[in-house]
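To start, the structure under review is shown below, and the notes come after it.
Taken together, the values in this text are just the output of simple stated rules run on the coordinates, not laboratory data. Predicted model only: the values in this text are computed from it and were never measured. Neighbour counts run over all protein chains shown; Cβ positions are idealised from the backbone, glycine included.
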Amino acid sequence: MSFDAEAADPRVVIGEGLTKRYGDGVAAVDALRGVSVSFDSGTLTAIMGPSGSGKSTLMHLLAGLDTPSSGEVWLGGTRLGELDEGGRTRLRRNRVGFVFQQFNLLPMLTVAENIMLPVRIAGREIHDEWLDWLLVAIGLEARREARPAELSGGEQQRVSLARALISRPAIVFADEPTGNLDSRGTEVILTMLRRAVDDLGQTIAIITHDPLAAARADRILYLQDGLIVQETGRMSPGAILDTVKTLR
Amino acid sequence: MTRAFTLRALILRRQRLAVAALVVAFGVATVSGVLVFTDTTRTDFQKLFAHSAGRAAVVISGRDGALVPGAVVRRVRRVPGVAVAVGEVSQSVTIVGPSGAVVPAARQASVAVSALPQRLSDVRVISGHQPRGLDQVAIDAQTARLEGWIVGSHVKLLTGQPLRSFRVVGIVTRALSGQRLVVFGLAAEQSLYGLGKSVDSILVAGRRTAAPGLIGRIRKLLPASVSAEPRASQVSAQVSQVSASFSSLNGGLEAFALIALLIGGLTIFNTFSITAAQRGNELAVLRALGATRGQIVSAGLIEGLFVGVAGAVLGVVLGPLFALTVHRIFEGTGVGLPAGGLVLRPSAIAIGLLVGIGVALVAAALPALRATRAAPIEALRVAAGERPRVGRVRLESALRGVLALALIGNGLLVMLLSSGSDAERLRRCGIGGALVLIGMLVAGPLVVSGVGSLLAHMPGARRRALRNAVPSLAREHLVLNPGRTALSGASLMIGVALALAIGVYVGGLRAASSRAINQTVLGDLAIEGSGGAAVPADVVRAATAVPDVAAISTLKTTHASLDALASVPVAGIDPTSWSDVYRFEWVQGSSASLANLVPGEVLVESDTARADGITKGSHITLTVSGGRQAQAVVAGVYRDAGLLRGVTLPLAWFNRLFPAQQRLQAVFMKLSGVVSNSVALASLRRALAPFPGVVARNQSQIAGRLRSRANGVVELLYALLVLTVAMSLLGVGGALSLSVQARSQELGLLRAIGMTPVQARKMIRSESTLTAVIAAASGLGTGLGLAWCVVHVLRVEGLVFVMPWVTVIAVVLGSAAVALLAAVGPGRRATRIDVLAAIAHE
């Protein structure tokens, strides 16, 4: 499959026939058993599935954190299989944003410094207006000099989101971004993820267990035993819960 | 429950614990190694003296090295209860090999001793028999093997007589001191050395039944110049006398053991502080699961015990190897430490184990105790990386600052206000210096914060930090936990500070002595015995034959007791010719005092004069060989670092007081300058061909020899300190590698969001370098400050402050180099961090 007409093609990330096997012989575990998936620009996709279904492995492969046993990943027009570890690292820092469930921020850096970190590591110019815009958007412009330890869990996760957006990546992967948050914190983060898609045209994929989170997505992928077993459009939390139940 | 958990956790974290245990092992190895070395050195000296007294019950010797008249031997033999009483003589000898070359001395000058009956001697006959008659000798086995001598061979020896041949009739075991040994019959040795019937000492063995009161009965018939001591107390007296003369060595070793203890303790404590964050997390989980405080603390203690025992045992094994290395270094520098295997005293091992396990337990228990103080949930939050409130940090910093200033100020006052004798002042310098160092340790975290914010606020720093994140990330990480950073560098700081202080002290001594030597020794050429042996008087005639000699003057030396003082060196010089080869640095008196020096007058070196409270015009009493007392008037006081220490007499009087001292210590010659110095030296060497064991030296060689005599021990201390610095740098590396392990999550996150492996390695390298630079800079400042104080306090000694540029540069380059080296392993580990494992949330 060729992928040279980037402007015309709405797909920013494509995975083709991805498999991932850990270990050898009888002890081998197939985490992914042939997944093909793509993400359109400016959409919010939720990836759901029980523990061990391969959600995280899929994200790792799509984000260039790990290499597939077979299959190919195109990220923003680049075939990941062509890159070495250094190339994948550079691609990650320029084209991918991450929000993790925990241990997200560096304790010695301030809010603003944490947000700027990927750009600093990449050695690129920082646009102060963009930083200021993000700080306002996450509602922490008054706390830009605060350290992570002085923030609540929800506030820390908002900083992570801003950090994921700072380099205007092709895609943001959010791995259980609400897993450690209370209901109010969850609500705030989900709203912000949605706004990033709607207002900035950002492409986002979130991995989640939470039907409430998945209900904000434009599209929901259900994974089970290393395969995509169902794909739906936007659904209510109740319908999502029902779908999950039918899959079990 | 907790026990099982702890043990399982230990297994899970075995890599980190292995590193911690290695660091503990390093600290323990340093401590126990120094203790083993100290014990070994002491025991060697003790053995040496025990040997010199043989297996006798009572040893009779002249006071202060005087000879014992032969008549005393016969008198002692008649004392009831005495089984055997034998006179013993011990003199220096030069052994000439079959090739005609002198057999080089081993460790100390070769020695000729008189034969003793087997029951009084530690020297055993291996083959042949004891020498009898004038031309028979026995020789030690090592020397015999070296030269291929067997019973029946002939050896050439230079005794008190010109070189002549003797027949080897026996091979004996070597002296414990490691010296080469030649055994003569007593009468033969007395006549060869012109001693008449006198002996150096008498060894007495009592009948088994007569031990009590024996020594009292012997003492009753001894002349005043002669004393009798039980062998045991005589040995300990000799050991303490030598200990005094080696006091700077002993003191240095003790100080070094203390430093090693401090550095080792700091390193061990640091290990646990670094891993505390991780362990704190686990402990918080345990607390949340309902573990009691007791269980938490015991879990911490089990881990500490595990690491402490493993590390301490390994350290105790490595310690003797360390000691062996130090011993080798000492041997390499040529200082005559006695031979003998390592002495492994249980105390050295016990102290090493106690230190390692004790410090590990304390260091492991503290985070556990801290964890129990907070409520479970709070503990979890603290463990998750929350920092204490700003107000509390400020209060802590303020208290820390006050304490540090108080310690440093007190230390400086103690140093600068010290008074009294040299030793007292040096001691107070040590105490003051220790206070300053402890103050610097307390101030460490403040210094780190200060340096950190200084770097952060340097012009352009912000821009640079934005452009290049890696170094500033490293700096920010170090400043985040200034206590940990300071601890990591603490051992390096102490090492550098001490190295510099000692460096300045050595440099000052060397400058002082070399100035003195260059000013005082005017002679162009000198003749000396190799290995410090004496020179036969005939060489003067040979030397006179050398063309171009303008002046020639001889020096004789011995020892005598001066007033209350124990043995002091005594020199005999010819007042008229001596001024041609030597210039006195007068404290009191003038060259007229030398020119007019007559029997009954002496010149005294200023150190001796100060110790005895002597000034020009004082009346002194010299107790000389045979216990005779000689009264003298002090005609002048001079300063001399190396050649003429103690008391100087006119040669004519010296010869009367010390008739046994036939041979010369040295001959100094002044050239008229018609031929070049090297031509004269060559022709002097030719003229001295018939005198094996005699060496000719030129002026710079003379100065070098005198200097090395003055500085030998201090330089060894210096070598030890360099070793400390090297080992403390290892400590920095260990700390760094632990810190990488403890931060695998953070590094994983950085890698995930785009830090390349190269950048990760660079960040670790920056951390290492910055830690080392801060520590080395603090150490440099502290060390120079301490050194200035020491020199200031000891300036009456003629000590001058010489900026030790070589040391400074070596320290800076060494710190930088090893900081980079220390970062290699941890840096590699940082690049291999498993990103997926680090960011996994399960």
Problem set entry | Average partner coverage of A:85-92, which counts Cβ from other chains inside 10 Å | 4
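Ranked from highest to lowest mean number of other Cβ atoms within 10 Å per residue, what is the order of the peptides A:187-194, B:761-768?
Numbers: A:187-194: 18.8, B:761-768: 24.0.
Listed from highest to lowest mean packing, they are B:761-768, A:187-194.
When a footprinting reagent is the concern and you count Cβ atoms within 10 Å, what order do B:L555, A:L181, B:L416 take, fewest first?
Details: B:L555 24, A:L181 21, B:L416 13.
In increasing order of surrounding Cβ atoms, one gets B:L416, A:L181, B:L555.
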Problem set entry | Around B:A819: net Lys/Arg minus Asp/Glu count, Cβ-Cβ under 11 Å | 0
Problem set entry | Net charge over other residues, Cβ less than 14 angstrom from the Cβ of B:G433 (K, R count +1; D, E count -1) | +3
For this session: Let me have the 222 nm mean residue ellipticity of chain A computed from DSSP H runs of 4+ only, each contributing -39500 (n - 2.57), with the sum over all residues rounded to the nearest 500.
Result: -10500 deg cm²/dmol
Problem set entry | Cβ-based charge dipole, the stretch B:534-692, positive-most Cα from B:A592, B:V674, B:T648 | B:V674
Exercise. Roughly how big is the stretch B:534-692's charge dipole about its Cα centre, with Cβ charges of +1 (Lys, Arg) and -1 (Asp, Glu), in debye to the nearest 20?
Worked result: 320
Exercise. How many Cβ atoms of partner chains, on average, are near each residue of A:64-76 if near means within 10 Å of its Cβ?
Worked result: 1
Exercise. So what are the ³J(HN,Hα) numbers for the stretch A:178-185, from phi and the Karplus equation (6.51, -1.76, 1.60; θ = phi - 60°), rounded to whole Hz, Gly and Pro as x?
Worked result: 9, x, 10, 10, 7, 5, 5, x
Seminar exercise, completed: Hydrodynamic radius by Kirkwood for the stretch A:126-201, inverse mean 1/r across distinct Cα pairs, in Å, is 12.8
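Mind checking the mean number of beta-carbon atoms from other chains within 10 Å of the Cβ atoms in A:106-112?
Values: counts 9, 9, 11, 6, 1, 0, 0.
That average works out to 5.
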Seminar exercise, completed: The local net charge around B:L416, scoring Lys/Arg +1 and Asp/Glu -1 for residues other than B:L416 whose Cβ lies under 11 Å from its Cβ, equals +2
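Using +1 on the beta carbon of Lys and Arg, -1 on that of Asp and Glu, and nothing else charged, what's the dipole of the stretch B:90-193 about the Cα centre, debye to 20?
Working: 10 positive and 5 negative charges, 21 e Å.
Charge dipole of the stretch B:90-193: 100 debye, to the nearest 20.
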Problem set entry | Of A:G97, A:Q156, A:I138, farthest towards positive along the dipole that unit charges on Lys, Arg, Asp, Glu beta carbons give the stretch A:90-226 | A:G97
Exercise. When a footprinting reagent is the concern and you count Cβ atoms within 10 Å, what order do A:R88, A:R95, A:R124, A:R33 take, fewest first?
Worked result: A:R33, A:R124, A:R95, A:R88
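Kirkwood hydrodynamic radius, the stretch B:531-616, all distinct C-alpha pairs: what's the number in Å? Walk me through the numbers on the way to the answer.
Numbers: mean 1/r = 0.0663 Å⁻¹.
Averaging 1/r across every pair of different Cα atoms and inverting gives 15.1 Å.
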Seminar exercise, completed: Per residue, the convex hull enclosing the alpha carbons of the stretch B:534-692 has a volume in Å³ of 113
Exercise. Dimensions of the stretch B:90-193 along principal axes (Cα, Å, largest first)?
Worked result: 36, 26, 26
Exercise. Can you sort B:W149, A:W130 by how many other beta carbons sit within 10 Å, fewest first?
Worked result: A:W130, B:W149
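What are the semi-axes of the equivalent ellipsoid for chain A, taken as the square roots of 5 times the Cα gyration tensor eigenvalues, largest first, in whole Å?
On the way: eigenvalues 162, 98, 60 Å².
Equivalent ellipsoid semi-axes, largest first: 28, 22, 17 Å.
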